[in-house]
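Read the structure below first, then the notes.
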Amino acid sequence: MEKIIDNKKDILKQTGQPVSEHNEEHVENEVSQINITMRVTHIYANGILQGIEIKEKTQNQWLNKH
């Protein structure tokens, strides 16, 4: 992801957009949005996985007792 931020001028050239302060900022904002989304998704997915693990452990403990 960091590589994309470093190459924001290249991204603008590839998309045929003029390399201006505004456009560079726009690309950087989009990249940071993607980074945030990925981080949140990762945290959310980990939370779900941990929840499932805890549920399984609890069920196993319950089954072992009964």
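Listed conditions (1) closer than 30 Å to Asp10 by Cβ; (2) over 10 Å from the mean Cα position of the chain (by Cα) are all met by Gln33, apart from (2).
Table: residues versus (1) touching a residue at least 24 places away in the same chain (Cβ under 8 Å); (2) surrounded by 10 or more Cβ atoms within 10 Å (Cβ to Cβ); (3) among the β-branched types (Val, Ile, Thr).
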residue	(1), (2), (3)
Asn23	no, yes, no
His26	no, yes, no
Val31	yes, yes, yes
Asn35	yes, yes, no
Leu49	no, yes, no
Glu56	no, yes, no
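Residues considered: Ile11, Ile52, Ile34. Of these, the only one that is at pLDDT 85 or above and part of a helix (DSSP H, G or I) is Ile52.
The values are calculated or read from the model by the stated rules, or taken from the named source; none is laboratory data. Because the structure is a prediction, the values reported are computed rather than measured. Heads up, the Cβs are rebuilt from the backbone with ideal geometry, glycines too, and the neighbour counts pull from every protein chain shown.
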